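Written below as structure tokens is the structure these notes are about.
The values are calculated or read from the model by the stated rules, or taken from the named source; none is laboratory data. Quantities reported herein were computed from a predicted structural model and do not represent experimental measurements. Note that we place each Cβ from the backbone using ideal geometry, even for glycine, and neighbour counts take in every protein chain shown.
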Amino acid sequence: MTMRNYHASRWDEPLIHAMGAPGRRGQLFPGADAAGLVPAGLARQTPPALPELAEPDVLRHYLRLSQETMGMIGISLFGTCTMKYNPRAGERAAAAVNAIHPAQPAATMQGLLACVHGLDMILRGLSGMDRFTFQAAGGADAAWTQAIITRAFHAARGEGNSRDQIITSLQSHPCNPATAATAGYEVITLPLGDNGYPTLESLRAAVSSRTAALMINNPDDMGVYNPEIAEWVRTVKAAGGLAFYDHANFNGVMTRIRARDLGFDACMFMLHKTFGVSKGGGGPAVGAYGCTAELAPFLPGPIVDRSDDDFTLVEPARSAGKVREYMGNLHQVVKAYAWARAMGAEGLREAADISVILNNYMEKRLLQIRGVSRSHPDQPGWRLEMTRYSLQQLFEDTGVSAVDVQNRMSDFGIDAFWLSHEPWIVPQPFTPEAGEMWPREDIDYWIDALAHVVDEAYRDPDFVRAAPYNQVVRKLSSADLDDPLRWATTWAAWTRKHPTPA
Ligand SMILES: Cc1ncc(COP(=O)(O)O)c(C=O)c1O
């Protein structure tokens, strides 16, 4: 296949604070002057230090910044995150939320509450749970919701102090042990057995009267599905613990299994992963947390209730506390609702099947590329919607790392990131996930781009190590990120760290 060469626009664009001149402005209409509207006691004595620019300067500045940003609209196969395309219709629907203040009375936002309740009902159907909250602003936040609900649940039964351990597995997402530890639990991490997941014996040895909960994903981030999961849940619950299903890797099992049917007490779905919503580079996202009626009184409030003729906001009786402001990122809930309605039940089922078929198609082709191997190569069996691979052989042969390969692939229009979260259990890992929406040409192009870069690496490793060549920035120096004195996320912080010499 012919590689498409990408070339980003490059501008020497200054920060907007370094642009403009006093007195420059956009259009002002008669009567729009705010002078005198703010009571004297509340008005500023000195104007804020804002840049002053004419409208075309502002337009050109932001246009150039947008040209320099590749965005998530190349081919993006971010495994364990599935950066799906975000349909524009969903964006349009969500824009209506801009006109709503989250603190306004429920009676004045019935349409929005209908969407929240609608998505709640769809997720209940997909999981078997009784109630969902959308307050958590991501998957890790939803795991945190589980950790605090676990604490509140056991405390209400007089076991808050004695149940002080949470069990997880080595290949669960790190947010499970991390949130459990942050909530004060001792974390027991089960090692892997021969099949790629921990053995039932290791779980049986770990559970006790100290077990507060199991927090686990399945399939895990290697794409390995633990078929003994129902027995796992039975074992934990027999010991008095709760069972939480991190359902972030839901794409391949969507409509095929339900968390409640496997015995779980609670689960979470990432709307920014499975349900067609943008992750937005760290937010705003949503981790939809659902649980049984037994745990529902501990949910963060408010949650949306439906009565005969309207939607109301209710505070759960024994809430474990809020995890975010108001009801969370409701724009994303509207988008996910629109996506799920457009897909329909049949569409969701088909999407699950396509994602598994495409992943196995990818696997067949990727494993033919020199230097590429599958994680746990000795373990036979299918992976579900994604597979974790390793470029360790390529690294040993050439010194070219997975990060180098990823950088070079971006020169051909392949969006980063698609390696693996830390810690890297598999050396030089990568985890593309096809999902259901990419046509076969795009999947083939992605694989061909990898094969092309691997071939370059064997012929000229230094060339690949120096990539990317066609991006706005050639190489980012991590030294800048590691030194708090050199970076700043706001202009105010920047000026504090870099005062103008007197
Ligand atoms: C299995 C799993 N759980 C949890 C998370 C955490 O989600 P978030 O990044 O939205 O906090 C991820 C992220 O990719 C994940 O793959």
Here are the criteria: (1) touching a residue at least 12 places away in the same chain (Cβ under 8 Å); (2) more than 25 Å from the chain's Cα centre (by Cα); (3) not in a loop (DSSP other than H, G, I, E, B). Tell me which single one Ser209 does not satisfy. (3)
Only one residue in Ala213, Ala205, Ala137, Ala147 is away from the ligand (no atom under 15 Å from the Cβ) and under 23 Å from Ala296 (Cα atoms), so which one is that? Ala213
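Hey, does the range 174-190 have a residue that's within 17 Å of Ser319 (Cβ to Cβ), in contact with a strand residue (DSSP E or B) (Cβ under 7 Å, 6 or more places away or on another chain) and not in a loop (DSSP other than H, G, I, E, B)?
Checked against the condition, which is being within 17 Å of Ser319 (Cβ to Cβ), in contact with a strand residue (DSSP E or B) (Cβ under 7 Å, 6 or more places away or on another chain) and not in a loop (DSSP other than H, G, I, E, B), the range 174-190 yields no hits at all.
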Matching residues, the range 300-336, being in a loop (DSSP other than H, G, I, E, B), over 23 Å from the mean Cα position of the chain (by Cα) and either crowded, with 16+ Cβ neighbours inside 10 Å or not small (Gly, Ala, Ser) (or both): Pro302, Asp308, Asp309, Asp310, Glu315, Pro316, Arg318, Ser319, Ala320
Given (1) within 16 Å of the ligand (Cβ to nearest atom); (2) at pLDDT 95 or above; (3) within 22 Å of Ala259 (Cα to Cα), number of the condition Thr182 does not satisfy: (3)
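Considering only residues that are in contact (Cβ under 8 Å) with a residue 24 or more places away in the chain and closer than 14 Å to Val333 by Cα, which ones fall in the range 75-94? Walk me through how you get there before you give the answer.
Pass one, the range 75-94, residues in contact (Cβ under 8 Å) with a residue 24 or more places away in the chain: 75-87, 89-91, 93-94.
Listed by number, the residues that qualify are Asn86, Pro87, Ala89, Gly90, Glu91, Ala93, Ala94.
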Among the candidates Met254, Met268, single out the residue that is closer than 24 Å to Tyr326 by Cβ and within 16 Å of the ligand (Cβ to nearest atom). Met268
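Are any residues in the range 73-113 within 16 Å of the ligand (Cβ to nearest atom) and aliphatic (A, V, I, L, M), and if so, which ones? Full working, then the answer.
Within the range 73-113, the subset within 16 Å of the ligand (Cβ to nearest atom) is 76-84, 86.
Passing the criteria: Leu77, Met83.
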Within the range 271-299, of all residues that are within 14 Å of the ligand (Cβ to nearest atom), outside any loop (DSSP other than H, G, I, E, B) and small (Gly, Ala, Ser), the one nearest to Gly139 (Cα to Cα) is Gly287
Cβ pairs under 8 Å, 6+ apart or interchain, first in the range 39-63 and over 21 Å from Asp12 (Cα atoms) and free of Cβ contacts under 8 Å to residues at least 60 places away in the same chain, second assigned to a loop (DSSP other than H, G, I, E, B) and not polar (S, T, N, Q), ordered by first then second residue, are none
